[in-house]
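Quick notes on the structure that follows.
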Amino acid sequence: MIHVVAIITAKPGMREQVLQHFRANVPAVLAEKGCIEYAPAVDADPALSIQTKFGPDSFLAIEKWESLEALKAHAAAPHMAAYAAKVKDMIASRAIHVLSPA
């Protein structure tokens with residue numbers, strides 16, 4: 001199993017627009033072979049006092065895949081290229097962490 005945590009930071013004030021495109025793409029991703037979980041998440045508010053927030057312009061993509069091969073196929077999927085084209089001018093940065101269970 002492969003876990004992915006992607007931290008996506010939109011340009012100021014554009015997070016909701018990016019999330020709209022992300023959410024519209026979720027059904028296509030969930031239909032991919034090997035996709036177990038694929039969902040956005042934002043800072044919980046209020047939360048614990050020890051929380052380190054990502055901030056108002058950021059969200060995380062929380063993903064779980066059956067295998068690295070499934071993740072690679074996801075990265076090459078046409079609907080992912082279409083999503084990337086729609087949001088490219090709205091994204092300030094992204095960091096993608098690909099993880100194995102420990």
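Matching residues to (1) aromatic (Phe, Trp, Tyr); (2) closer than 17 Å to residue 1 by Cα; (3) free of Cβ contacts under 8 Å to residues at least 12 places away in the same chain; (4) open to solvent by 40 Å² or more (accessible area, probe 1.4 Å):
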residue	(1), (2), (3), (4)
29	no, yes, no, no
61	no, yes, no, no
66	no, yes, no, yes
69	no, yes, no, yes
73	no, yes, no, yes
86	no, no, no, yes
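Somewhere in segment 32-54, is a residue out of contact with any strand residue (DSSP E or B) (no Cβ under 7 Å at 6 or more places or on another chain), open to solvent by 60 Å² or more (accessible area, probe 1.4 Å) and of a type in the set (Asp, Glu)? Yes: one or more hits. Counting only residues that are under 13 Å from the mean Cα position of the chain (by Cα) and not in a strand (DSSP E or B), segment 62-102 holds 7 of them. Within segment 3-22, the set of residues being open to solvent by 20 Å² or more (accessible area, probe 1.4 Å) and over 10 Å from the mean Cα position of the chain (by Cα) comprises 3, 9, 11, 12, 13, 14, 15, 16, 17, 20, 21. The set of residues from segment 33-48 being of a type in the set (D, E, K, R) and under 15 Å from the mean Cα position of the chain (by Cα) comprises 37, 43.
The values are calculated or read from the model by the stated rules, or taken from the named source; none is laboratory data. Computed from a predicted structure; not experimentally measured. Virtual Cβ from ideal backbone geometry, glycine too; neighbours counted across all protein chains shown. Just the protein is used for accessible areas: all its heavy atoms, side chains included, with ligands, DNA and RNA removed. Shrake-Rupley method; radii C 1.70, N 1.55, O 1.52, S 1.80 Å.
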